[in-house]
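Derivation of every value follows stated rules applied to the coordinates shown; laboratory data play no part. Small disclaimer: the values here were computed from a predicted structure and weren't measured. Methodologically, a virtual Cβ is constructed for each residue, glycine included, from the backbone with ideal geometry; neighbour enumeration extends over all protein chains shown.
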Amino acid sequence: MIDINRKSPAQPVVRMLYDRNWKLLTPYELDLSKNPSYLVKNVLSERQIRELKKNV
């Protein structure tokens, strides 16, 4: 999350770094308030991300 949407706090602006298969992306920002079909499903800690990367 890089910014809070004041009008809709449950739909922040996020920076996408990896795809669903942990392939590195060219980073881009996604405003979830403008993309209602996208939702934050889970927030991962740095430790969880490192563990997931090991298993890919």
Seminar exercise, completed: With +1 at each Lys and Arg Cβ and -1 at each Asp and Glu Cβ, the charge dipole magnitude of the chain around its Cα centre, to the nearest 20 debye, comes out at 140 debye
Exercise. Can you pull out the chymotrypsin sites (Phe, Trp or Tyr not before Pro) in the chain that DSSP calls coil and that have at most 14 other Cβ atoms within 10 Å?
Worked result: W22, Y38
Seminar exercise, completed: Those trypsin sites (Lys or Arg not before Pro) from the chain that are DSSP loop and have at most 10 other Cβ neighbours within 10 Å turn out to be R6, K7, R20, K23, K41
Exercise. Label-point separation (nm) for M16 and K53, each offset 7 Å from Cα along Cα-to-Cβ?
Worked result: 2.0 nm
Problem set entry | Fraction of alpha-carbon pairs over 12 Å apart in the chain - percent | 70 percent
Exercise. When the helix-only estimate is applied to the chain (DSSP H runs of n ≥ 4, each -39,500 (n - 2.57), divided by the residue count), what is the mean residue ellipticity at 222 nm, nearest 500 deg cm²/dmol?
Worked result: -4500 deg cm²/dmol
